[in-house]
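S.K.: Encoded as structure tokens, here's the structure I'll be asking about.
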Amino acid sequence: MSDLEKSERPWGRYEVLQETSTHKVKCIWLNPSSRLSYQRHKHRAEHWLIIKGFGEVTIDGKVSKVATGDTVDFAAGVLHRLTNTGTEEIVFVEVQTGSYFGEDDIERLEDDFGRA
């Protein structure tokens, strides 16, 4: 079995836990006071399970609080972002389903790191 992808990012890091032709599973660590880009995907839906920490999720402009044990779901094409409002990492598992899981299926509308 080959090594699965691991990546350091300006906002934290992620590790791919499993990848098949029908789904991809990641564990993501989001640093305190950081946020992911406000983004959407054409080819995949996502399901998040917050494992540790708390923050705010934005889905199509609506902001909601999330904490350990919460889940978040959004379909392909839905704008989304997670913001860590706490002083410790947020850890969450992301399950992607759809037809394509490449990092180039990210359309960023806003990004704190100049990637939009």
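S.K.: Somewhere in region 69-92, is a residue out of contact with any helix residue (DSSP H, G or I) (no Cβ under 8 Å at 6 or more places or on another chain), surrounded by fewer than 14 Cβ atoms within 10 Å (Cβ to Cβ), in a strand (DSSP E or B) and among the hydrophobic types (A, V, I, L, M, F, W, C)?
M.R.: no
S.K.: Against the definition (surrounded by 15 or more Cβ atoms within 10 Å (Cβ to Cβ), touching a residue at least 60 places away in the same chain (Cβ under 8 Å), of a type in the set (V, I, T) and closer than 20 Å to F74 by Cβ), how does V16 come out, yes or no?
M.R.: no
S.K.: Another question about this same structure. Tally up the residues in region 31-66 that are of a type outside the set (D, E, K, R), surrounded by 14 or more Cβ atoms within 10 Å (Cβ to Cβ), in contact (Cβ under 8 Å) with a residue 40 or more places away in the chain and under 17 Å from W11 (Cβ atoms), please.
M.R.: Residues that pass the stated criteria total 10.
S.K.: Consider G69 against the criteria (1) over 23 Å from T22 (Cα atoms); (2) under 12 Å from the mean Cα position of the chain (by Cα): it satisfies all of them except one. Which criterion is unmet?
M.R.: With (1) over 23 Å from T22 (Cα atoms); (2) under 12 Å from the mean Cα position of the chain (by Cα) applied to G69, the lone miss is (2).
S.K.: Could you count how many residues in region 93-116 are in a loop (DSSP other than H, G, I, E, B) and either surrounded by 17 or more Cβ atoms within 10 Å (Cβ to Cβ) or touching a residue at least 60 places away in the same chain (Cβ under 8 Å) (or both)?
M.R.: 7
S.K.: Follow-up question, since we're still on this one. Determine whether region 57-64 contains at least one residue that is farther than 18 Å from K26 by Cα, among the hydrophobic types (A, V, I, L, M, F, W, C) and in a strand (DSSP E or B).
M.R.: Going through region 57-64, the residues farther than 18 Å from K26 by Cα turn out to be 58-64.
If we keep only those that are among the hydrophobic types (A, V, I, L, M, F, W, C) as well, we get 59, 63.
So of that shortlist, the ones also in a strand (DSSP E or B) come out as 59, 63.
Looking through region 57-64, at least one residue is farther than 18 Å from K26 by Cα, among the hydrophobic types (A, V, I, L, M, F, W, C) and in a strand (DSSP E or B).
S.K.: Name every residue in region 1-38 that is at positive phi and assigned to a strand (DSSP E or B), in order of residue number.
M.R.: The answer is G12, and nothing else.
Read-outs: derived from the displayed coordinates by stated rules, not from any lab. As the structure is a computational prediction, the values presented were derived from the model and not from experiment. FYI the Cβ positions are ideal-geometry reconstructions off the backbone, even for glycines, and counts take in every protein chain you see.
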